[in-house]
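First up is the structure itself, then whatever we jot down about it.
The values are calculated or read from the model by the stated rules, or taken from the named source; none is laboratory data. All values reported here derive from a predicted model rather than from experimental measurement. Counting neighbours? That spans all protein chains shown, and the Cβs are built from the backbone with ideal geometry, glycine included.
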Amino acid sequence: MTATVPSHTLNARVDAAVSLAEQGKLSLIELFECTQLLAEAGQRERAVALFRLWLAHCQSPVSYAVCYNLGVVLSDLGDNAGAEQAYRDAVERNPNFIEARLNLGTLLERIGRPDEALATWQAILGDVQPPVAQNEAMHVQTLNNLGRLLEIQKRLPEALDMLERSLHIKPDQRSVLTHWVHLRQKLCRWPVYDGMPEIPYEQKLDATAALAMLSASPDPADHLAAARRFVEEKVKADVPHLADPNGYAHERIRIGYLSSDFNSHAVSILTAELYELHDRNRVEVYGFSWSREDNSPLRARVVRAMDHYIRLDHLSDLQAAELIRSHEIDILVDLHGLTLGARPNILCHRPAPVQATWLGLPGPTAIPGIDYVIADPFVLPPELEPYFTEKPLHMPSCFQINDRQRAIAAKPARGPLGLPDNAFVFCAFNNAFKITPDVYGAWMRILRQVPDSVLWLVSDAEETRANLLREAEAQGVAPERVLFAGRAVPAEYLARYQIADLFLDTAPFNGGTTASDALWAGLPVLTCSGRTFSSRMAGSLLRAVGLPELVTFTLEEYERLAVELAHDRPRLAVLRERLAQHRDSSDLFDTPRFVRQFEDVLAGVVKRPSGVPVVQPAPAQTVPPPPPASPAQQAMLDMIRPGAGTVVEVGGGTLAQHWRYRHPHAQYVGLGVPPDAPPGSQWCTETLAQDPDTPAAPLPRAQCWVFPNTLETLRDPWAMLKGIAANGGAGVEIVACIGNGQYWELQLQQAKGELRYGSEILPRRQLRWFSRATLVELLSECGYRLLDIRAVMQATPDPAVLAALGQLAAAGGGNRGLAGEDATVFQYIVRARAG
């Protein structure tokens, strides 16, 4: 370890180096020693300046090494453009300098230019002299970099080829062999372990990752062993614990969710509504994230539903754990397990007194510091508990939550999707790596016994498709009976299940999210449950949705029942009808009930100092499903922040049932509700008849105020908005639907002299008019920041009318095109925040 150099000594040495560099006399040894000392002293900018001074004034046959070291320091400083140029300068000065090419590719990958990264590494294999093959370490690193990034890019056969070349050079690379096994699973290269015969089977099995093992073995002991091998190799178990083991004296339970999948990912597809439905009178919700910012609507929804969304990607594992500890989280819920992107070392520091794992890995994690696994009595029965390092926290019915907000598109026709109209369609949309030779053999036997049937699969990899088709032909099934679905947006993907007849699950790694997708869309699922958590997931879902007869326990039983159902369409129709009738009320899709039960389960293990009670939930009124929301109502509901504990609606209770069905514990107050109680107000938790313009009592305190076409009915909207901000403080939000005073039909009626109160475009209670521009001015004048604005369209105007309105605006000095666009909007939906 380098001793710390006193600052005056370092400054003197650097000053001398600068002087020598300006004269072109600074040696490389002195340059590298000085810059190293500066970097260790946290003065990287001075190191950069010295490197650049040397390059400007000094010469050396190995100046490429100076460029390389400059690139390393610039990369550490976050100057990606400067680092890229430095690495390119190093390569230009010495095209055979492999280290600079490797670092350049890594930088290009990190800044989102993967194709250039691949090209940079590919060039190492062909351009450098002597050939990279003569340098084993560099050759292996290059091949591994290519294999890893090609896998990420879903170029699976190329990735596998690179890893095999690497393993031929150096067979004893466990991490490389781990990816090799999983790639063969994804490509359905069976038997998976038969490739690379020079590597012993035991070595391949030992390298199999915990996730891959769920599909590779039906034995729970293998699953635990795979998890323990990972932990032994990758996880720092012997680290100080940070959390107070006695817990904290909070009024509400602080739940922290830990994940890199708060984006368009299966975990968020399941949990999005959970974060929205948490009872904010009982819990406070934290999201600790290192998720990819994919700009998806799902990511935006998840982030918006968190009370606190905190990024950890810029922090080390210890720093992340310390940050979590600083928030005094009561229970930390890991959503990763040992899947891609996991950071188990955060959990090892025990930043929370209670820690649990859920959904990410449907098996044991063996991570030190994880106390519990969220399960249910079926998916993790007593006989399976010895194979888990975590204690089971049993949900009453099913371990898996589901989002009721997932939209399903209109039912498509079979023909455009390549399906025969009259065939029996077996659907199996699980990931290809879950397909094993045993379960595929069962599928082929089913197809042979149901001659008018086809099997509908998904796979992006051409080789995977080719391997499955070749295997079908080898088992006596015509390849044209195995069909593949292309990619689709979520709503259209869900709609595809409606044209299939029966979902065939995989074993021993069942569908989780995929099986829920099928059931949500109304398609019965046939599963085979085994001895592992992952092989019992779909069985748990089917029991919770009320279809336990579709749970089998051997492949023979599974195969027989599939054939029976295919030949007995009325029996299958009864199952489908039962699913349709009871889906929303079933344990599987009654999400509000799941959330209440989930909070109860967590409350049972939360730690509190002696004498401090855990907050118990207030009783929730059962709210039935509301009628379909109009487009404007739906937009308003989407804008109300899920964490808003109290919502006040001015003028009635139009949205009360919709909101309280989603959030049973929410307080929803109707202000200015007349004695005759308009429809919907009965679902308010409280109604106040006082006039909003002249309130007899102080305005209620709330996190959100809603104006469904009522802001324009007030005599003084300015006073109302200012009063809300003054009473609620910075952060209070308003959501309003406001008629557009610039709407074309309104302007047309004015021009014709036929403006009459009582129509939809001019209600009798209307007192104020706002256009888009004046609405923005209103909010700004009252101290609000506009967060979102959406347009509600209605009738389509004649182009001649729009042209005339644009001409009128232009005559008055306005923008002709903008006037026409604004005139087509019937209503504006806005969300704004005080302060």
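What to note about this one:
- Scanning segment 342-352 for residues that are buried (at least 24 other Cβ atoms within 10 Å of the Cβ), in a loop (DSSP other than H, G, I, E, B) and at pLDDT 95 or above turns up Pro351, Ala352.
- Qualifying residues in segment 105-140 (those that are in a helix (DSSP H, G or I), β-branched (Val, Ile, Thr) and touching a residue at least 24 places away in the same chain (Cβ under 8 Å)) - the one farthest from Arg88 (Cα to Cα): Val140
- Residue within segment 486-499 that is of a type in the set (Gly, Ala, Ser), in contact (Cβ under 8 Å) with a residue 40 or more places away in the chain, crowded, with 17+ Cβ neighbours inside 10 Å and touching a Cys at 6+ places or on another chain (Cβ under 9 Å) present: no
Matching residues to (1) closer than 20 Å to Arg101 by Cα; (2) under 49 Å from the mean Cα position of the chain (by Cα); (3) loosely packed, with under 14 Cβ neighbours inside 10 Å:
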{"residue": "Glu30", "(1), (2), (3)": "no, no, no"}
{"residue": "Glu40", "(1), (2), (3)": "no, yes, no"}
{"residue": "Gln59", "(1), (2), (3)": "no, no, yes"}
{"residue": "Asn69", "(1), (2), (3)": "yes, yes, no"}
{"residue": "Leu74", "(1), (2), (3)": "yes, yes, no"}
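- Test result for Ala225, among the small types (Gly, Ala, Ser), loosely packed, with under 15 Cβ neighbours inside 10 Å, over 26 Å from the mean Cα position of the chain (by Cα) and assigned by TED's automatic domain parsing to the domain that holds Thr271: no
- Filter result for Asn94 (buried (at least 16 other Cβ atoms within 10 Å of the Cβ) and either among the aromatic types (Phe, Trp, Tyr) or in contact with a Gly (Cβ under 8 Å, 6 or more places away or on another chain) (or both)): no
- Only one of the listed residues (Asp261, Asp219) is modelled with pLDDT of 95 or more, surrounded by 15 or more Cβ atoms within 10 Å (Cβ to Cβ) and not aliphatic (A, V, I, L, M). That residue is Asp219.
- The lone criterion from (1) within 30 Å of Tyr668 (Cβ to Cβ); (2) of a type in the set (A, V, I, L, M); (3) touching a residue at least 60 places away in the same chain (Cβ under 8 Å) left unmet by Ile367 is number (1).
- Just one residue in the set Thr464, Thr436 is within 24 Å of Leu214 (Cβ to Cβ), modelled with pLDDT of 95 or more and in contact with a Leu (Cβ under 7 Å, 6 or more places away or on another chain); that residue is Thr464.
- Annotation: Pro218 fulfils all but one of (1) over 23 Å from Asp127 (Cα atoms); (2) touching a helix residue (DSSP H, G or I) at 6+ places or on another chain (Cβ under 8 Å); the unmet one is (2).
- Among the residues making up segment 483-512, those that are at pLDDT 95 or above and part of a helix (DSSP H, G or I) are Glu492, Tyr493, Leu494, Ala495, Arg496, Tyr497, Gln498, Ile499.
- Residue count for segment 756-796 satisfying the condition of being surrounded by 17 or more Cβ atoms within 10 Å (Cβ to Cβ), part of a helix (DSSP H, G or I) and not hydrophobic (A, V, I, L, M, F, W, C): 1.
- Condition broken by Val302, with the remaining ones in (1) among the β-branched types (Val, Ile, Thr); (2) modelled with pLDDT of 95 or more; (3) farther than 27 Å from Met213 by Cα satisfied: (2)
- When segment 197-212 is limited to residues that are part of a loop (DSSP other than H, G, I, E, B) and in contact with a helix residue (DSSP H, G or I) (Cβ under 6 Å, 6 or more places away or on another chain), the one that is surrounded by the fewest Cβ atoms within 10 Å (Cβ to Cβ) turns out to be Ala209.
- Meets criteria (more than 30 Å from Glu733 (Cα to Cα) and assigned to a helix (DSSP H, G or I)) for Gly820: yes
- Residues (surrounded by 11 or more Cβ atoms within 10 Å (Cβ to Cβ) and in a loop (DSSP other than H, G, I, E, B)) located in segment 5-17: Val5
- Within segment 501-524, residues that are assigned by TED's automatic domain parsing to the domain that holds Asn422 sit with their Cβ atoms under 7 Å from residues that are β-branched (Val, Ile, Thr) and surrounded by fewer than 24 Cβ atoms within 10 Å (Cβ to Cβ), at 6+ positions apart or across chains, in these pairs: Asp501/Val425; Thr506/Val439; Ala507/Val439; Thr513/Ile269; Ala521/Ile408.
- Residues of segment 301-336 classified as crowded, with 23+ Cβ neighbours inside 10 Å, in contact with a Pro (Cβ under 9 Å, 6 or more places away or on another chain) and not in a strand (DSSP E or B), total: 6
- Note on segment 774-814: residues that are touching a residue at least 24 places away in the same chain (Cβ under 8 Å) and of a type outside the set (Lys, Arg) total 22.
- Remark: Trp443 falls outside the filter, which requires a residue to be modelled with pLDDT of 95 or more and either assigned to a strand (DSSP E or B) or hydroxyl-bearing (Ser, Thr, Tyr) (or both).
- Just one of the listed residues (Thr654, Thr687, Thr646) is β-branched (Val, Ile, Thr) and within 30 Å of Met793 (Cβ to Cβ), and it is Thr654.
- Counting residues in segment 420-432 that are touching a residue at least 24 places away in the same chain (Cβ under 8 Å) and of a type in the set (D, E, K, R) gives zero.
- Helices (runs of 4 or more DSSP H) completely within segment 18-93 that count 3 or more residues being more than 19 Å from Thr120 (Cα to Cα): 28-40, 44-57, 63-76
- Residue check, Asp222 more than 19 Å from Val333 (Cα to Cα) and among the acidic types (Asp, Glu): yes
- If you go through segment 727-777 and pick out every residue that is within 21 Å of Pro692 (Cα to Cα) and among the basic types (Lys, Arg), you end up with 3.
- Within segment 731-755, the residues that satisfy the criterion of being among the small types (Gly, Ala, Ser), surrounded by 14 or more Cβ atoms within 10 Å (Cβ to Cβ) and not in a loop (DSSP other than H, G, I, E, B) are Ala736, Gly739.
- Residues in segment 228-240 that are touching a residue at least 24 places away in the same chain (Cβ under 8 Å) and under 29 Å from the mean Cα position of the chain (by Cα): Arg228, Phe230, Val231, Glu233, Lys234, Val235, Lys236, Ala237.
- Wholly enclosed strands (runs of 3 or more DSSP E) of segment 371-440 bearing at least 1 residues surrounded by 19 or more Cβ atoms within 10 Å (Cβ to Cβ) and outside the structural domain of Val458 (by TED's automatic domain parsing): 372-375, 391-394
- Unique residue being assigned to a helix (DSSP H, G or I), farther than 27 Å from Phe533 by Cβ and touching a Pro at 6+ places or on another chain (Cβ under 9 Å) when the list is Arg571, Arg576, Arg596: Arg576
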